[in-house]
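Colleague: My questions will all concern the structure given below.
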C-alpha cells in the first residue's frame with residue numbers, strides 16, 4: 001500500500017515533468033519580484049553580528065518568529081505565537097515532518113545555517129504556497145545554490161569557538177559555477193558541552209553534537225531548462241534536553257530532491273518548476289545517562305515523507321499569478337518500550353505514533369492584481385484533500401479502546417482563502433488583509449498515544465474524532481519609509497473555531513511515572529490570538545543604525561483564560577556601526593513579566609529580564625574581490641544574567657556570559 | 001477430410017477437458033469432513049480403549065492437563081464398525097485420590113461441538129496437581145438411556161502450570177468455597193486493545209459436588225502493578241456477566257500495552273453483595289482475587 005502510493009507520487013511527478021515541454025525560447029519575460037513575505041534576510045551577510053550562530057539563534061531573530069527551548073539545541077520555531085501544529089516549515093517547498101513525538105526535533109534542526117540562502121517568513125493564512133495545514137504562518141527555508149555564472153570556484157572555511165559550553169564549530173564549503181553546471185557542497189560540524197547559565201550555574205544535559213553534509217547541483221539542459229538536485233544528510237548525536245526527562249542518542253535526517261524548472265516559457269508564463277522529493281528522519285531517544293530513572297525506556301521515532309509539487313508562475317496584464325499543485329505522503333511511526341523495575345516481567349510495548357499515514361493532495365492559486373500605481377489587491381487560496389489514519393492494526397485496536405466509533409482511516413477537506421489590499425501613498429504603505437482557513441489535526445493531536453508533556457506533567461492522548469480547526473484572520477500594517485528612518489507597525493488577530501488543545505480527562509489513568517493526569521485533545525468552541533509589533537530604524541552619522549523592536553501577543557481560550565506559550569511584551573534595541581571593513585553592535589534584548597500565563601499548562605509568572613550583547617567584526621581583503629577573511633567576535637549576555645523566558649520549557653535558564661569568535665575565510 | 005479430422009479432435013479435447021473439470025469439481029463438492037478433519041489442530045491427550053469402544057481425548061492448547069481451566073474435546077469410536085459415534089450421550093467424573101480422602105473438582109457436562117458430527121466438548125477446573133502419592137482419576141461414560149455402553153478410566157497426570165495465575169479458589173462472604181477460572185484470553189491470543197474476557201465460576205456444595213454459579217457478576221480492574229507504572233489501568237472495561245448461550249461469564253478487557261497485567265476481581269452475587277474481592281482505591285492497590293496476563 002505504502003509502496004504503491006509512493007510510486008504513484010513519483011509517477012505523478014514524472015508526469016508533470018513530461019508535460020513541461022512548453023517552450024518559447026525566443027521571448028523572455030521578466031518576472032515581477034514577489035513581495036508576499038514579511039521577512040527576507042540573507043544569511044551570511046557582513047551585517048550578521050554572528051554569522052556562524054546556530055540556525056536556532058538565527059531563526060529567533062526573524063520577525064514574528066520565536067523559539068521554544070528544551071535545551072541548547074533544536075529549538076522549536078513559532079510564528080505569531082503559534083507552534084508546530086499551526087505553522088508550516090518547509091525546505092525549498094519540501095514537506096518534512098519531525099520524527100520525535102516530544103518535539104525534540106523541529107524540521108529546522110535537520111539543516112545547517114550554511115545550507116541556506118534565506119528564510120521566507122509568511123504570516124497568517126495568506127501567501128503561503130507550501131503551507132498545507134498552517135494557520136499562523138510558515139517558514140520556507142531557501143537552500144543556498146551556487147547558481148549558473150561564469151566559471152568560478154570558491155572555497156569557504158568556517159570556524160568558531162564559544163567559551164560557554166566549550167562550543168566548537170568547523171565547516172568547509174566549496175562551490176563551483178559555470179554557465180551550464182553548478183555544484184556546491186559542504187560539511188559542517190558543531191559540538192558543545194553543557195552550557196552555563198548566568199552565575200556559572202552548569203545546565204546539565206545541555207550538550208550536543210551535529211554533523212551536516214550537503215550538496216546542491218544544477219544542470220542546464222538548454223537555455224531555459226534547468227535540472228537541480230539536493231542531498232542533505234544531517235546527524236545529531238548525544239543531544240541533551242535539560243528541560244525533558246530524556247535525551248537523544250541520534251537524530252538522522254536524509255533529505256533529497258530533484259527538480260526541473262523551465263523559465264521564460266511565454267509572455268504569460270514565466271517559470272514552471274516541478275520537484276520530486278523524499279526525506280527520511282530517524283530519531284532515537286536515550287535515558288541511559290540520566291540518574292534516578294524510574295523506568296528505563298526506548299523511544300524510537302521515524303518519519304518518512306515523499307511528495308512533489310508543480311508550480312507555474314506568470315503574468316497577464318496586471319495580474320501576477322501563481323498556480324501550484326502538490327501532494328505528499330507521510331508515515332510517522334514511533335513506539336515506546338518500557339523496562340519494568342521487576343526484571344521478571346516482560347517489557348511493556350506500545351505505539352505512541354501507530355504508523356500514522358497522511359496523504360495530502362492540494363491545489364494553490366494566488367493572484368496579485370495591480371489596480372494602479374497606488375493600489376494592489378492580492379488573493380490566495382488553497383484547497384486540499386487529506387486522507388489519514390493508522391496503518392498499524394495494533395495501534396488501531398489501541399486507540400479504538402478509547403474511541404469505539406473511530407475508523408481506521410478518514411478523509412478531510414481543507415482550505416483557506418485570504419485577501420490583502422495594499423495602498424501606496426508617497427512613503428507610506430497601508431496594508432489591510434483578511435482570511436479564513438482550516439487545518440487538520442496533527443498526527444499527535446489525532447493519533448498520539450500517551451505522549452508525556454514534561455511542562456504541564458500530563459500524559460497526552462490524541463483524538464481521532466477531532467473536527468478541523470478553523471480561523472478567521474484580520475491583519476493591518478502601516479509602513480513609513482524615509483531615507484533616514486522607517487517605522488513599521490503591524491497587527492494580526494486570529495479568531496479560532498474548534499481550537500485544538502489538550503484538556504485533562506479524569507477518566508483515564510496515567511502511564512508516566514509521577515504524571516499528574518491524562519489530557520485528551522479536544523476542540524474548544526473558540527479561542528483567539530492577537531499579535532502586534534512595532535519596528536523603527538534610524539540611520540545617522542552615515543555609519544550608525546539604530547533598530548528597535550517591540551512585540552506584544554495575547555492568546556485567550558473559550559473561557560478567556562490565557563493560552564499557553566504566548567509571548568509577553570518583549571523588546572530589543574540595537575545600535576550598530578558599519579564603516580568599510582569594521583562593524584560593531586550593541587544590543588539590548590528583554591521582555592516584561594509574563595502576566596498572562598497558563599498555570600493549567602505548567603506555566604508560571606516568568607519574571608522580566610534583559611540581556612546585553614556586544615559584538616565587533618573586521619573583514620580583511622585577500623587579494624581580489626572575492627577573497628576575504630571575516631573575523632567576528634563578541635560577548636553575549638555581557639552581565640551574566642541568570643534568566644529564562646516564557647518559551648523556556650520548565651524554566652530552564654538560558655546561557656550566561658558567552659564569548660564568541662567566528663572566522664570565515666573565502667578563497 | 002482434413003477439416004473433419006481436426007473438428008473431431010477438438011470435440012474430443014473438449015469432452016476430455018469437461019470430464020477433468022467435472023471430476024475435480026465433483027471431488028470438491030462431495031468432500032466429506034472426516035472425523036480426523038474435525039479433530040485437526042487438536043492435541044491428543046489420551047486414547048482409552050475399553051471393549052468395543054475407544055475414547056479419544058484432546059485439548060487445544062497443550063497435550064496434558066493442568067491445574068485450572070482445561071477445555072477438553074472427545075471423540076468416540078466403535079472399534080467393531082470403525083465408525084465414530086455421532087449421537088453419543090457422554091458423561092465423565094473426575095476424582096482426586098488423596099492418601100486419606102478423595103474429592104472431585106468443578107467440571108461441566110459434555111456437549112456436542114457445533115457444526116461437527118463427531119466432536120464433543122466440556123471442561124474441568126482441576127483444583128490441585130497430581131504427585132507421586134495423589135492422583136486424579138477420570139471416568140468416561142458412554143450411555144444410552146439407562147444402559148452404559150462403554151466406560152473408560154485413566155489417571156492423567158495434572159501438573160501445576162508455569163506462568164501466570166489463571167485460576168483461583170476462595171472462600172466467599174457466605175462461607176462457601178468458590179472456584180473462578182479464566183477461559184479467554186489465552187496466553188496465545190491475548191492482545192493490546194479490546195479482548196473478549198470469559199471465565200467460569202463454581203461453588204462447592206460438598207467434596208464431590210461443584211455447582212456452576214449463574215447470575216453473579218465478576219467485576220474486573222486490570223492494572224500494571226510494576227512500581228514504575230503507578231498501577232496504570234485501562235478505560236472502558238466491561239464487567240463479566242453470565243452469558244446463557246456460552247454458559248460462561250463474558251465481558252470486555254482492554255489492555256493498553258504489552259507487559260504484565262493483574263486483572264483484579266470482585267465477585268458479587270445477584271443482589272450485588274460482595275462475595276469476594278476489593279476495589280482498587282486509596283492504599284488498596286490490588287484485590288485479594290485476581291488473574292494474571294503477560295505478553
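Colleague: Can you report the principal axis dimensions of the stretch A:297-446 using only the alpha carbons, biggest first, rounded to whole angstrom?
Modeller: Dimensions of the stretch A:297-446 along the principal axes of its Cα atoms: 79, 29, 28 Å.
Colleague: Further question on the same structure: Cα-Cα pairs above 26 Å in chain B: how many percent?
Modeller: Roughly 56 percent, rounded to a whole number.
Colleague: Would you calculate the convex hull of the Cα atoms in chain A and tell me its volume per residue in Å³?
Modeller: Values: hull volume 99.5 nm³, N = 667.
Per residue, the Cα convex hull of chain A comes to 149 Å³.
Colleague: Just need the relative contact order of chain A here, percent rounded to a whole number, with Cα pairs under 8 Å and 6+ apart. It would help to have the intermediate numbers written out before the result.
Modeller: Details: 1940 pairs, mean separation 72.5, N = 667.
It rounds to 11 percent for chain A.
Colleague: Please give the peptides A:643-651, A:106-114 ranked by average Cβ packing (other Cβ atoms within 10 Å per residue), highest first, as a rough proxy for protection. Numbers along the way, then the final one.
Modeller: Working: A:643-651: 20.2, A:106-114: 24.7.
Averaged packing, sorted descending, gives the order A:106-114, A:643-651.
Colleague: Separate question: What is the Å³ per residue value for the convex hull set by the Cα atoms of the stretch A:316-381? Intermediate values should be presented prior to the final figure.
Modeller: Numbers: hull volume 6.6 nm³, N = 66.
Residue-normalised Cα hull volume stands at 100 Å³.
Colleague: Follow-up question, since we're still on this one. What ranking, highest mean first, results for peptides B:129-139, B:285-295 when packing means the other Cβ atoms within 10 Å averaged over each residue? Please report the intermediate quantities before stating the final value.
Modeller: Working: B:129-139: 14.6, B:285-295: 18.4.
Going by the mean number of other Cβ atoms within 10 Å, highest first, we get B:285-295, B:129-139.
Colleague: Which of the peptides B:235-244, B:219-228 is most tightly packed, and how do the rest follow, going by the mean number of other Cβ atoms within 10 Å of each residue? Walk me through the numbers on the way to the answer.
Modeller: Details: B:235-244: 15.7, B:219-228: 20.5.
Output ranking for B:235-244, B:219-228: B:219-228, B:235-244.
Colleague: Under the Kirkwood approximation applied to all pairs of distinct alpha-carbon atoms, what is the hydrodynamic radius of the stretch A:544-667 in Å? Write down the numbers at each step before the final one.
Modeller: Numbers: mean 1/r = 0.0590 Å⁻¹.
Evaluated on the stretch A:544-667, it is 16.9 Å.
Colleague: Classify the stretch A:55-202 as rounded, prolate or oblate, taking a ≥ b ≥ c as the square roots of the eigenvalues of its Cα gyration tensor: rounded when a/c is under 1.5, otherwise prolate if a/b is larger than b/c and oblate if not.
Modeller: Taking the square roots of the gyration eigenvalues as a ≥ b ≥ c, the stretch A:55-202 is oblate.
Colleague: Then there's this: What percent does the relative contact order of chain B come to when contacts are Cα pairs within less than 8 Å and at least six residues apart?
Modeller: Details: 631 pairs, mean separation 37.6, N = 295.
It comes to 13 percent, rounded to a whole number.
Colleague: Give me the one-decimal Kirkwood hydrodynamic radius in Å for the stretch B:123-219, with the sum taken over alpha-carbon pairs.
Modeller: Values: mean 1/r = 0.0612 Å⁻¹.
Kirkwood hydrodynamic radius for the stretch B:123-219: 16.4 Å.
Colleague: Calculated from DSSP H runs of 4 or more alone, at -39500 (n - 2.57) each and per residue, what is the 222 nm mean residue ellipticity of chain B, nearest 500? Don't skip to the answer; put the middle values down first.
Modeller: Working: 2 runs with 33 residues, N = 295.
My calculation for chain B gives -3500 deg cm²/dmol from helical runs alone.
Colleague: Along its principal axes, what span do the Cα atoms of the stretch A:78-133 show, with the longest given first and each in whole Å?
Modeller: 28, 27, 19
Colleague: A further question follows. Taking the Cα centroid of the stretch A:315-338 and of the stretch A:386-452, what is the distance between the two, rounded to the nearest whole Å?
Modeller: Using only Cα atoms, the two centres lie 13 Å from each other.
Colleague: Restricting things to alpha carbons, tell me how big the stretch A:95-179 is in terms of Rg and Dmax, in Å.
Modeller: Gyration radius and largest Cα-Cα distance of the stretch A:95-179: 17.2, 47 Å.
Colleague: Can you give the Rg to Rh ratio for the stretch A:405-555, taking only C-alpha atoms and Rh from Kirkwood?
Modeller: On the way: Rg = 21.9 Å, Rh = 18.9 Å.
My calculation puts Rg/Rh at 1.16.
Colleague: Ignore the peptide's own chain and count Cβ atoms of other chains within 10 Å of each Cβ in B:186-194; give me the average, rounded.
Modeller: Values: counts 0, 0, 0, 0, 0, 4, 9, 9, 5.
Partner Cβ neighbours, averaged per residue: 3.
Colleague: Taking the radius of gyration and the Kirkwood hydrodynamic radius from Cα positions alone, what is the Rg/Rh ratio for the stretch A:537-590, to two decimal places?
Modeller: Working: Rg = 17.3 Å, Rh = 13.6 Å.
On the Cα set of the stretch A:537-590, Rg over Rh gives 1.28.
Colleague: Translational D (Stokes-Einstein, µm²/s) of the stretch B:211-288 at 37 °C and 0.692 mPa s when Rh comes from the Kirkwood sum over C-alpha pairs?
Modeller: D, rounded to a whole number, is 244 µm²/s.
Colleague: Counting only other chains, what is the mean number of Cβ atoms within 10 angstrom of the Cβ of each residue in peptide A:331-337? Walk me through the numbers on the way to the answer.
Modeller: Values: counts 0, 0, 0, 0, 1, 1, 3.
Shielding by partners across A:331-337 averages 1.
Colleague: For the stretch A:222-367, state what percent of all Cα-Cα pairs lands in each successive 10 Å bin, counting from 0 Å until the bin that includes the largest distance.
Modeller: 10, 26, 24, 17, 13, 7, 3, 0
Colleague: When the Cα atoms of the stretch A:172-222 are enclosed in a convex hull and the volume is divided per residue, what value in Å³ results?
Modeller: On the way: hull volume 4.8 nm³, N = 51.
In the stretch A:172-222, the Cα convex hull volume per residue is 94 Å³.
Colleague: Within 10 Å of each Cβ in A:385-398, how many Cβ atoms from other chains are there, averaged over the peptide?
Modeller: Numbers: counts 0, 0, 0, 0, 0, 0, 0, 0, 3, 5, 2, 1, 7, 9.
That average works out to 2.
Colleague: Please work out, to two decimal places, the log10 of the ratio I(q)/I(0) at q = 0.17 Å⁻¹ from a Debye calculation in which every Cα of the stretch A:609-667 carries one identical scatterer.
Modeller: -0.66
Colleague: Where q = 0.10, 0.14, 0.24 Å⁻¹, what log10 of I(q)/I(0) comes from the Debye formula for the stretch A:130-238, counting one point per Cα?
Modeller: -0.47, -0.78, -1.17
Here, each number is a calculation from the coordinates, and none is a lab measurement. Quick caveat, the model's predicted, so the values are computed rather than measured. When we count neighbours, we look across all protein chains shown, and the Cβ atoms used for this are built from the backbone with ideal geometry, even at glycine.
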